[in-house]
1. Assess whether Ala59 counts as being under 23 Å from Ala8 (Cβ atoms), surrounded by 18 or more Cβ atoms within 10 Å (Cβ to Cβ) and touching a Gly at 6+ places or on another chain (Cβ under 8 Å).
2. Which of the residues belonging to region 28-46 are part of a helix (DSSP H, G or I) and open to solvent by 50 Å² or more (accessible area, probe 1.4 Å)?
3. So which of Asp118, Asp135 is touching a residue at least 60 places away in the same chain (Cβ under 8 Å) and over 21 Å from Ser30 (Cβ atoms)?
4. Condition first: of a type in the set (A, V, I, L, M, F, W, C) and closer than 16 Å to Leu107 by Cα. Now tell me which residues in region 38-60 satisfy that.
5. Name, by its number, the condition in (1) buried (at least 18 other Cβ atoms within 10 Å of the Cβ); (2) farther than 26 Å from Pro113 by Cβ that does not hold for Leu134.
6. Restricting attention to region 137-154, which residues are outside any strand (DSSP E or B) and open to solvent by 70 Å² or more (accessible area, probe 1.4 Å)?
7. Tell me whether region 181-201 contains one or more residues that are assigned to a strand (DSSP E or B), modelled with pLDDT of 55 or more and aromatic (Phe, Trp, Tyr).
8. Name the single residue that is nearest to Glu77 (Cα to Cα) among those in region 138-158 being free of Cβ contacts under 8 Å to residues at least 60 places away in the same chain and under 43 Å from the mean Cα position of the chain (by Cα).
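The values are calculated or read from the model by the stated rules, or taken from the named source; none is laboratory data. All figures in this text were calculated on a predicted structure; none of them were measured in a lab. As a convention, Cβ positions derive from the backbone with ideal geometry for all residues, glycine included, and neighbour counts pool all protein chains shown. With ligands, DNA and RNA removed, areas are computed over all heavy atoms of the protein, side chains included. Shrake-Rupley method; radii C 1.70, N 1.55, O 1.52, S 1.80 Å.
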Amino acid sequence: MANYSISANQLTEGTSVFIRGKLAFARLTSLIEGAALAASDQRKVQNGMSPVGKPHTTATITEAEVQFADPANPTVEEQFVSERRYTSKKNPASGANYSIDSKGTNLPIIAIPSEKGDGTYDQDTSGQELAQGLDVTLVLRVYKPKNFANRGLSLDQVIVHETPRYYNAGGVASGELAARGIVFNAPPRAVQAQPGSGSAVGNGEEPVATEVEDGLSFPAPQPAVAASVAAPVPAQAHAQVLTEPVAVTPQAAPAVAPVAAPVPAVQPQQETPEQKLARLERENAELKNAGSAVGAPAGQGPWGGSGDAQQAGITYQG
């Protein structure tokens, strides 16, 4: 364990320390919390470090140098920070390193050079994480935690001393685009698909993660789809013939009346010449005896004559 000449309880609350270097890693635009916090703390424990245990932001710089307000008379706080620089075991050529995990819900202010070119700064509100290798100054502030005797350091601001570049998760570097005459008016931001738009987003909760294999990124395994969600059925499946026997409920057949046997048609009998002559004589005799077309002959006429009286009408005299 390193021996320090300055302890945390010697620091004065509210004082600031400026330390400049090259940005090696940072999470500044959102808090490390939830599952990400648990994973981060696990890595720290595996590397022999103390877990943070609370939501926080973080930054690590290489070639770190404290910017003394008066190099001849460094403050206690400046000495405290300077003593806590370290040499990376994995990358000793990076010079003195400094890391800070800033607890709390406030995000640090990021300042970038103004486009006016007059030496002033503007606040970066892009919401993008700064790229590795940027020349930055971390502005630290001493504070006193509640119910704790020692003082702590928070990361209040990050000053960028060059044109800002941003962390690019697999996209084309802005420098390569500019070399081909493609220059954005404002740094582009990745756009995530909304829930229900047909994108690769499962059910709208988390974007699809990626894993790196031999320098190439591939979609990470996703949870299996719930069994209750029916898979699409190919159209040709509907034309398949059922192979299983299908039970059919018997139904009563409608009653059918018995059909009578067909009656053969009666063929008309052909008259002989003798039969035809006899028929005509018979019909003529009937007409003679039929009397009036109105009625039968009356017995006694109205005038009392001796002859047969005929009813008025047309008669046939033989």
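1. It is false that Ala59 is under 23 Å from Ala8 (Cβ atoms), surrounded by 18 or more Cβ atoms within 10 Å (Cβ to Cβ) and touching a Gly at 6+ places or on another chain (Cβ under 8 Å).
2. Ala35, Ala38, Gln42, Arg43, Val45, Gln46
3. Asp135
4. Ala59
5. Leu134 satisfies all of (1) buried (at least 18 other Cβ atoms within 10 Å of the Cβ); (2) farther than 26 Å from Pro113 by Cβ except (2).
6. Lys144, Lys146, Asn147, Phe148, Ala149
7. no
8. Step by step, filter region 138-158, then rank; the result is Ser154.
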